[in-house]
Structure formats: C-alpha cells, structure tokens
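The values are calculated or read from the model by the stated rules, or taken from the named source; none is laboratory data. Owing to the predicted nature of the structure, the values given are computational and were not obtained by experimental measurement. Every residue, glycine as well, gets a Cβ built from its backbone with ideal geometry; the counts of neighbours run over all protein chains shown. Heads up: the accessible areas ignore ligands, DNA and RNA and are worked out on the full protein's heavy atoms, side chains in. Shrake-Rupley method; radii C 1.70, N 1.55, O 1.52, S 1.80 Å.
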Amino acid sequence: DLGPEDAQSLLRYLKNTQSEDPAFFYAVQLNSNGHTANIFWADAKTRMAYYHFGDVVRLGTLCRNSKYIPIAIFSGVNHHLQPVVFGCALIVDDSEASFAWLFEKWLEAMPVGPPVSLVLEFNQEMAAAATKILPDTHCTFCEKHILGTVREELGSLYPEPELDHFITDLRKCIDCCRLEESFESCWDSVIRKYGFRNNELLQSLYEIRRQWAPAYTRKVFCARNLLPQSCQNLENVIEKHFSSKTQLWVAVQQLGQAVCNFYEKETQADYLTTFQMATVRTASPLEKQASSIFTRSIFEKFQDQFAESFGYHADRLEDDMLHKYRVTVSEGDEEAHTVSFNPEKKTVGCSCCLFESCGILCRHALRVFIIEGVRALPKAYILKRWTKHAKSIATVDDYIDLRGCRDDPSTTMYNDLHCDAIKCAKEGSASSELYSVAKEALHKALDEVVTLRKIRDQQNLQSCKRPIKKSAKGKDSDHSTIISSTRSASKNSLLEIDDIT
C-alpha cells in the first residue's frame, strides 16, 4: 500500500488540480482494508493527445524494484515520431484485477474509444486484463521486453559471449523475417544452432508467437519501429523523484512537468514542419506530393523507402484480375515479396505489410507504383495521423483515419479551446501592447459566447414551458424525488472522496 500520509497529500494535490482544471481526471482504487492501492490520472493535454494519436498505445511499467514506487505509463507516438503520454498510474498491486481497473479508468478518461492496438510488456496479468476490458483492441507483447526477458532468464545459465551472439541472431530472426514460414524456419535454425530446443521459456514464447512476432502481427497497425521504445526524460524523473526521499505529490508534479516538455518539443516540430519545406531528391510527383502532405519526420521515412525502391526489380506474374509482381532487391539477401496492384482502384498490397503495420508505403509497393505510372498517392495511403493536419479536429476528406468517423465530445472541445487559450496567454504576455490585444479579444469572445448561450437557454425555456395540469401532480412529485435523490447521491459521492483524502 501507499503510505497514508503520502496517499493523502497526493490525493489532495490531485483534487486541487482538478478544481483548477475541470478536464483533469483522476481515479483511486482502494484495497480490502480501505487503503489506497492504485491511482490513475490524466490531464487535459494528455486526453487531447489521445484524441489525435491514440490509435496505437504502449503500456509500460517503470521502477519495479523495492527502491521505487511502480509507475505505469500509457504512451504513444505523435505525427513527428515523438513520444506522447496518454495517462499515468501508480500500480502497487499488479494483479489482473488491478490492471483491469486501470484499463477501465483509462478508457473512462479518454475522449474517444479504445485504441486499434495496444503494445504490452511480457506480463500475463496485464495481457489477461487487456483482453477482458479491450476485446476489440489487438494486443501484442513488446519485442524489446521479450528479448530483455530472454536475456535475464538465460543470463545465469550461459556465458556472456555466447548469449550475446544468440540474442543478436534471435533479434535478426524477429526483425528480418516478415513471412510466417521464414520466421518459423529461422527460429528453428537459431534454436538448434545454440542448443536451446528444451528451454521452457523459448518454447513458451514460440507457442504464443502470434502475439508478438512481426511475421504474425504485420497486418495490424502498431507503428512498429516508429513507436518510441522508451521515454528517457520520464525515466530520469522517475528514478530521481519516485523514492522515499521525495513526497509523492511532488514526484507526480515533477512527472507532469516532464510530460509538458513533450508538448513544447511537439510545438517546435509543428513550427518547423509548417515553415520549412523538406528537400526532395527526385523530380517525381509522388515524392513532391508526400513532402507537402506529411510532417518532416514522416516524409523522411517515406523518402527513404522511395529512394530504396529504385534498387528493386519487379517481375510481372500472370494474373487476370490484378497486376501481380515479384519484387526482389538487386543486392543483399532480403526475401522476395509479392505485390498486387489494382489498376482500376489504384490500390496496392505487399506481402511485407509495412503500410498495414506502420502506415507508410514500402519500397516494394512504391516500385510497382512507378512501373504502373501512378503519379499521385491515393487517399487510402495517406493516414491523417502522419500529416501536417493531424491535430485538426475538422474532417479532411483527402485523408483517412484508422478509427473512422468520431464524435467530437465536450471534453475534446474543452481541451481544444483550453490549448488555444494557453497559446493566446503565452503570446499576449510578451509585452503590454500584446497583453491589451489578447485581453480585449478574449473578453469579446467570452461576451459573444455567453450572450449566445443565454439566447439559446431562453429559447429552450420558452419551448419547454407547458401549463401544469392537476393530473401531472404525481409526476411532478416523482420528479422532485428524483432530483432530491440525485443531489443526495452527489453529496454522498463528495463525502466518499473526502473520506479517502
């Protein structure tokens, strides 16, 4: 359990933060003794970030030794390939029930539905809870965490040089084999080479290979190789502050400031993407179009694939309905891939599934686009989350969204206005002249909003007015009882929170 004094001071801090910012969310789970067990929180910017980039999420835990308090962080990647946080938690009890509670509260806090995919640590309790609470989300285990587990388990049994060679070969097998048959053959070869056929851990990993090996998860969008493996500055803050030497609420505050640094870097990247055009390497209209649509970081990824496509050879295969190609590289030992192209719909599919997993067209597909004379990227291959307009709430018909059409809930609109107000405050505080302009603009906007709301409220009131009939007395009495019950329930809820704090 969290220490009583630490827990109370943290809960007071979270409650005060929520009173200052209504979009701030936090939840507390008590154990059977009535003590604080787990705590989750997410601020307005975190919740807004999830609205834009919450299609793929990673859940990781830090400080799982006795010296520090365990921290769970929901994170992802923005349109600049920078890490972004979607919520934090203190998980003292890491049972399946606790993780189930965490997922429930996390979904409750987020302004839109569950993610397309969720990358987890190699943790069976965490995976079981995710499967239960997020049945429509594709859950996979983190490859880095799996390899770390393998190294830790085998470290005491085998000498370091041999183990290093084994991990290197295993990593190559995982990263380079994009086809199921290739992965299975390579895995068996590596296991035989190092004499690990009877190792229980490796056997169990192979049995659940469909939950983590890219050869089996390649058709699910999980931003593989694009999702940040770690948030180094967060790790540094946690290592420094989340210990017995620092009050818990201070540590949480420091963590929040570290998360704010992410938003500052994102703002800087937004500026560069908007005002600095990327350099194109060819005269191709495909590359020029990509440079104008994607952020600089994503365009660089696309550009690398586009440049590499010129080193590939495509052999046409016989097929009546589709144009099929066998695409191979001129040099190197990369496995051949099959690319199918529909000339009518201008759609393409590659056996490597890079677009399906990362949202960026692969060199094999781009090679076929060039051969087939495609001069513009079809809409189906432009993900909004990778574009310069990724954070635009307005729907853009030229792009696609992995989570489809989404309602714009009040929380999201609040967060969006909150961000604009903060930007206005930062710019307006630079000088007394700018302050006057910003102050006048904000007051004018507020007056217009309040006036319009009063007009709407008055119209609604007039339309709802009806003569009160005697026969409706019973209903009116029931209505009063409902209101009274609601008020009592709200009062009781507040009392419960006060008791906890």
Residues that are open to solvent by less than 40 Å² (accessible area, probe 1.4 Å) and of a type in the set (D, E, K, R), drawn from the stretch 284-340: Glu287
Residue in the stretch 77-90 that is over 21 Å from the mean Cα position of the chain (by Cα), over 30 Å from Glu356 (Cβ atoms) and of a type outside the set (Val, Ile, Thr) present: no
Residue pairs meeting the criteria (Cβ under 6 Å; at least 6 apart or on separate chains; first free of Cβ contacts under 8 Å to residues at least 40 places away in the same chain and closer than 11 Å to Lys388 by Cβ, in the stretch 269-291; second open to solvent by 40 Å² or more (accessible area, probe 1.4 Å) and not basic (Lys, Arg)): Ser291/Val280
Meets criteria (open to solvent by 30 Å² or more (accessible area, probe 1.4 Å) and aliphatic (A, V, I, L, M)) for Leu255: no
Any pair with Cβ under 8 angstrom, 6 or more apart, that starts in the stretch 19-41 at a residue that is hydroxyl-bearing (Ser, Thr, Tyr) and ends at one that is open to solvent by less than 30 Å² (accessible area, probe 1.4 Å) and part of a strand (DSSP E or B): Tyr26/Ile39; Tyr26/Phe40; Tyr26/Trp41; Tyr26/Ala42
Qualifying residues in the stretch 114-147 (those that are in a loop (DSSP other than H, G, I, E, B) and open to solvent by 40 Å² or more (accessible area, probe 1.4 Å)) - the one nearest to Val28 (Cα to Cα): Pro114
Residue ranges of strands (runs of 3 or more DSSP E) in the stretch 27-102 with at least 2 members closer than 16 Å to Leu248 by Cβ and open to solvent by less than 30 Å² (accessible area, probe 1.4 Å): 36-42, 71-77, 83-91
Boolean, Gln211 is more than 27 Å from Val348 (Cβ to Cβ), touching a strand residue (DSSP E or B) at 6+ places or on another chain (Cβ under 7 Å) and not small (Gly, Ala, Ser): yes
